[in-house]
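The values are calculated or read from the model by the stated rules, or taken from the named source; none is laboratory data. Please read these numbers as outputs of a predicted model, since none were measured by experiment. Neighbour counts run over all protein chains shown; Cβ positions are idealised from the backbone, glycine included. In case anyone asks, the SASA skips ligands and DNA or RNA and just uses the protein heavy atoms, side chains included. Shrake-Rupley method; radii C 1.70, N 1.55, O 1.52, S 1.80 Å.
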Amino acid sequence: MFFEPTPLDGAYTIELQRHQDERGYFARTWCCREFAEKGLATKLVQANMAFNRHKGTVRGLHYQCAPHAESKLVRCVRGAIFDVIVDLRPTSATYCRWFSTRLTSENGRMLYVPEGFAHGYQTLSDDSEIFYMVSEFYAPASEGGVRWNDLRFDISWPITDSVVISEKDRSWPDYKDYSIV
């Protein structure tokens, strides 16, 4: 795996190191030792999948508050997504900044999301599937979110018409300064 730091402190894109031959390729998508060498979370307790029928679907921006703050490792296994993270750690040099990357089944890229970040994505194709692993169990009482189109962050979503979003995600409040970790 090749770890590339993003402009946000502690977040990385991860490219697969593909070993190819006439059969196809083999690539490692998780290695506790390699993540530990980068100082990243190595405790993974849950793996999740999300299937999205329609292009333009937005999920997020979600996070979990302390004591259940979580880091995530996100990968698109079918289709394509515009993946977004927002640094919500008040003591961070990149506080309230956002970063995006395109994760596709073809590029195999992953996004490592540290604790203290909000995470969301928008599908760029119909029938997209996302696989992600998290460092903490889901705790409904610690769940939080901010509105996907909060003007404070001014995220440049690629699809602005015909957005499909749940009422819950549409109803998250605008972000106020407070600590989630």
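Which of K43/K176; K72/K176; K55/K168; K72/K168 have a Cα-Cα distance over 25 Å? Cα-Cα > 25 Å for K43/K176; rest within.
Applying both filters, DSSP loop and at most 10 other Cβ atoms within 10 Å, to the trypsin sites (Lys or Arg not before Pro) of the range 93-181 gives K176. By the compact-protein rule of thumb, 2.2 N^0.38 Å, the alpha-carbon radius of gyration of the range 1-107 corresponds to a ratio of 1.18.
Can you give the accessible area per residue of the range 51-181, in Å², using a 1.4 Å probe? That works out to 45 Å² per residue.
3J(HN,Hα) along the range 104-114, derived from phi through the Karplus expression 6.51 cos²θ - 1.76 cosθ + 1.60 where θ = phi - 60°, amounts to 9, 5, 7, 7, x, 4, 10, 10, 8, 10, x Hz, with x in place of Gly and Pro. For the chain, a Gaussian network of Cα nodes joined below 10 Å ranks Y25, Y63, Y12 by mean-square fluctuation, and the top entry is Y25.
Using a 1.4 angstrom probe on heavy atoms only, work out the carbon and sulfur share of the accessible area of the range 23-70 in %. If you can, show how the numbers build up before the last one.
On the way: 1460 of 2900 Å².
For the range 23-70, the apolar C and S fraction of the accessible surface comes to 50 percent.
Pick from M110, M133, M49 the residue whose mean-square fluctuation is largest in a GNM of the chain, springs joining Cα atoms under 10 Å. Greatest mean-square fluctuation among the candidates belongs to M49.
Given the -39500 (n - 2.57) contribution per DSSP H run of 4+ residues, what per-residue ellipticity at 222 nm results for the chain, rounded to the nearest 500 deg cm²/dmol? Don't skip to the answer; put the middle values down first.
Details: 2 runs with 10 residues, N = 181.
That comes out to -1000 deg cm²/dmol.
Within the chain, the percentage of alpha carbon pairs spaced more than 24 angstrom apart rounds to 35%. Given their separation in residues at 0.36 nm each and the Cα-Cα distance between them, T91 and R78 gain 1.1 nm when the chain is fully extended.
Entry note, the range 1-114: relative contact order of 32 percent, from Cα contacts under 8 Å with a spacing of 6+ residues.
Residue by residue, the range 79-86 carries 3J(HN,Hα) couplings of x, 8, 9, 9, 9, 10, 10, 10 Hz when phi is fed to the Karplus relation 6.51 cos²θ - 1.76 cosθ + 1.60 (θ = phi - 60°); x denotes Gly or Pro.
Local charge for E106 was computed over the other residues whose Cβ lies under 14 Å away, with Lys and Arg +1 and Asp and Glu -1, and equals +3.
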